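The values are calculated or read from the model by the stated rules, or taken from the named source; none is laboratory data. Quick caveat, the model's predicted, so the values are computed rather than measured. Ideal geometry is used to build each Cβ from the backbone, glycine not excepted, and the neighbour counts take in all protein chains shown.
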Amino acid sequence: MKILPTLYWNEKIVMGYLIQAASIHRRQPEPRVAGYHTLWPPMLRDDWERLYDIIHGPFRMGPPMPAEVTYSERVMEWLGLFDRSRQQIIWMRANRIPWKILVDEFDRSKVSLWRDLSESLSVIKYHLNRIDPKGDDFKALRSRAWSVSTP
């Protein structure tokens, strides 16, 4: 009998990483007034990102540390596996936008949106289990990001 190795990645872990990346992304600084020098690239906020601030309030923890930004960028690379509409569904759920708003935004039923989300998480899971089955790279990246931001 052949024993299969246990794999690290599942849908809940993938979604947890995406939620943390979204929280780091929300802490990015706002675009500044023209005429002032900044090294941050300009960020345009979508309507649903502004909607998050309306629902949850514009609470800001301060800008993220470089290790957190690296972590967030690596996690957001996973979205490159999908087309724009699936990317938006995944990212909006990572930002905990309510399903009712997604239903209105995409003009689709909650069941079809949920199915797209779960299929997308499965695709990410299979991709990550193929390239990093034990999750060592992302665990190290995550611990570096969180050890910098917590006192």
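Write out, first by first residue and then by second, each pair whose Cβ atoms fall under 8 Å of each other, whose residues are 6+ apart or on separate chains, and whose first residue, in region 88-102, is under 18 Å from Val14 (Cβ atoms) and free of Cβ contacts under 8 Å to residues at least 40 places away in the same chain while the second is among the polar types (S, T, N, Q) and surrounded by 14 or more Cβ atoms within 10 Å (Cβ to Cβ).
Partner pairs satisfying both residue conditions: Ile89/Ser120.
Which pairs do you get when a residue that is closer than 27 Å to Arg93 by Cα and among the charged types (D, E, K, R), found in region 1-19, comes within reach of a residue that is at pLDDT 85 or above and part of a helix (DSSP H, G or I), reach meaning Cβ atoms under 9 angstrom, with the pair 6+ apart or on two chains?
Taking only residues 6 or more apart or on different chains, the pairs are Glu11/Ser118; Glu11/Leu121; Glu11/Ser122; Glu11/Ile124; Glu11/Lys125; Lys12/Leu121.
Being part of a helix (DSSP H, G or I), basic (Lys, Arg) and within 13 Å of Leu18 (Cα to Cα) is the filter here; which residues of region 88-119 pass it?
The one that is part of a helix (DSSP H, G or I), basic (Lys, Arg) and within 13 Å of Leu18 (Cα to Cα): Arg93.
Go through region 120-141 and report how many residues are within 12 Å of Val14 (Cβ to Cβ) and in a helix (DSSP H, G or I).
Total meeting the criteria: 11.
Residue-by-condition table, conditions (1) in contact with a His (Cβ under 9 Å, 6 or more places away or on another chain); (2) modelled with pLDDT under 80:
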residue	(1), (2)
Asp53	no, yes
Met65	no, no
Ser72	yes, no
Trp78	yes, no
Leu102	no, no
Phe106	no, no
Lys125	no, no
Pro133	no, no
Val148	no, yes
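Please specify each residue of region 1-51 satisfying the condition of being hydroxyl-bearing (Ser, Thr, Tyr) and modelled with pLDDT under 75.
Selection gives Thr6, Tyr36, Thr38.
Filter region 61-87 for residues that are free of Cβ contacts under 8 Å to residues at least 60 places away in the same chain and assigned to a loop (DSSP other than H, G, I, E, B); which is nearest to Ser120 (Cα to Cα)?
Taking the candidates together, the pick is Phe82.
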